[in-house]
1. Being part of a helix (DSSP H, G or I) and under 13 Å from ALA281 (Cα atoms) is the filter here; which residues of region 23-50 pass it?
2. Can you tell me how many residues in region 290-299 are closer than 24 Å to ASP36 by Cα and surrounded by 15 or more Cβ atoms within 10 Å (Cβ to Cβ)?
3. From the list GLY415, GLY333, GLY393, GLY385, exactly one residue is open to solvent by less than 10 Å² (accessible area, probe 1.4 Å), in contact (Cβ under 8 Å) with a residue 24 or more places away in the chain and farther than 30 Å from ALA270 by Cα. Which is it?
4. Cβ-Cβ distance below 6 Å, separation of 6 or more or different chains: which pairs start in region 243-267 with a residue that is free of Cβ contacts under 8 Å to residues at least 40 places away in the same chain and farther than 16 Å from CYS413 by Cβ and end on one that is open to solvent by 40 Å² or more (accessible area, probe 1.4 Å) and among the aliphatic types (A, V, I, L, M)?
5. Answer yes or no: is there a residue in region 347-355 that is open to solvent by less than 10 Å² (accessible area, probe 1.4 Å) and under 18 Å from LEU193 (Cα atoms).
6. Tell me yes or no: at least one residue of region 310-317 is more than 44 Å from the chain's Cα centre (by Cα), crowded, with 16+ Cβ neighbours inside 10 Å, more than 30 Å from VAL111 (Cβ to Cβ) and aromatic (Phe, Trp, Tyr).
7. Hey, among LEU403, LEU380, which residue is modelled with pLDDT of 60 or more and within 17 Å of the chain's Cα centre (by Cα)?
8. Just to verify a result, which residue in region 67-99, among those that are β-branched (Val, Ile, Thr) and surrounded by 15 or more Cβ atoms within 10 Å (Cβ to Cβ), is modelled with the lowest pLDDT?
Amino acid sequence: MIGKSRTQSRKNLRVPWWVAWLHSVPHLDLRLQPVDSTFNPRDESYRESLLFLGLVAAICLGLNLIVLAAYVVCMCCCRQDEAVQTKRRDSCCVTWTAVVAGLVCCAAVGVGFYGNSETNDGVYQMIYSLDNANHTFSGIDELVSGTTQKMKVDLEQHLARLSEIFAARGDYIQTLKFVQQMAGNVIVQLSGLPVWREVTAELTELADQTSYVEYYRWLSYLLLFILDLVICLVACLALARRSRCLLASMLCCGALGLFLSWTSLAADSAAAVGTGDFCSAPDTFILNITEGQIRTDVTRYYLYCGQSGSSPFQQALTVFQRSLTTMQLQVAGLLQFAVPLFPTAEKDLLRIQLLLNSSESGLHQLTAMLDCRGVHLDYLDALAGICYDGIEGLLYLGLSSLLAALAFSTMICAGPRAWKHFTTRDRDYDDIDSDDPFNPQARRMAAHNPPRGQLRSFCSYSSGLGSQTSLQPPAQTISNAPVSEYMNQAMLFGGNPRYENVPLIGRGSPPPTYSPSMRATYLSVADEHLRHYGNDFPA
């Protein structure tokens, strides 16, 4: 798949369908006038056309908020039937609405994670290709400047010393002048090569800025997806705990998530359309921005490698090669014939020979770097990264934003129904008699404020057994049924054992359950009770 591996040729790089689709999107400026869709970020009208796409998303956000506000107002103002069937239907509707919204939100997060990863991969593939091309251009400048330095300075110093040594021999002086002339030809040819210093500086700045923006873009979307999941979790907790506080927090966070979703959709739309315009005609844009810095034939040579004819550097490299070969032959002749006559010239001649050999090695490296195939493959890799993975990821991010906006809108719509349902449920509890032991709210109140004044403590009752005159036996008959029977009946009635300090014998309520210590106390007191009052109070 292109974009995952290095592109081998331009034939393999085909424009995907989404590039043509994005390029066909109408481009309008802020005055609603048509704008040329050719990628040109320096044109103010073109920038306005991309900004207009963001404004369309902002208008959609406004309409979405108006619809939600109208729905919430209608839900708050309209009275609903309080029948049991209506309440059950509303509860079921709220539950299923929350489930659907949660599933849509999870789907949005999943799609968003994939799109964020794809966009990040495409952008960093482009940055890696830019760095490779930048390294190639920097290497060309270093080789050219190094070779020029050798020919201008180092070679001239050796030739000057040899001129003094061979002053008496006119033929050797002519040979040195010829070598100097060949060196001048090399310098002229090297000066005709393009200087990539400005291009490398711009590529370095572009790569650094792109890397910086991409890191924070990736991090921002990651935090946005985490926020979406947190909002879903808060919504689930609010419905599970029937908490109006959590429900209010969910509504506020849902409104924030809705705003961020539409904002991200605006950014994704503008970025996708702009990138699609670039990918529809990247060569034209590069030819326009490099005009005045690099010769047009050189730019075309790298953009259309193998399709634009011969290399524009072929003549310069050929003259360079011939000049070096001629100089090497002349220096070899001087070493053979002049050194026996002038031994002091051997050192300078050997230095010149080493200099020419290193220049020949640099020539081979320069020829390889100036070849279009390496830079052209980097260019195709950059296009594959941004036009395939990059735009595909942006489209997935846009879909994720739409799904998230739908999920948050659904949550906000379900919020008022859930609020009224919670309120109705609490009001139903308030209508129940507070003395009813089966009222959950009464149980909670009794747990915090037990009615101690209405029941006489069993311990205080038994503490007066020493005085026969103060003894006040209960009016009910005491049953000799085992305590375990009461405990079993209590489990059948209530499900949760209740430990009490007064036996509920003869009442219509479920029998109590005694703690082990209470049971032992009760049995001992009951036996003593029977011994003292067995005749008066038969069981």
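The values are calculated or read from the model by the stated rules, or taken from the named source; none is laboratory data. Worth saying up front: this structure is predicted, and the values here are computed from it rather than measured. Please note: Cβ atoms are built from the backbone with ideal geometry, for glycine as well, and neighbour counts cover all protein chains shown. In case anyone asks, the SASA skips ligands and DNA or RNA and just uses the protein heavy atoms, side chains included. Shrake-Rupley method; radii C 1.70, N 1.55, O 1.52, S 1.80 Å.
1. Hit for region 23-50 is HIS23, nothing else.
2. 1
3. GLY415 is the lone residue from the list that is open to solvent by less than 10 Å² (accessible area, probe 1.4 Å), in contact (Cβ under 8 Å) with a residue 24 or more places away in the chain and farther than 30 Å from ALA270 by Cα.
4. What qualifies is LEU246/LEU237.
5. no
6. yes
7. LEU403
8. VAL94
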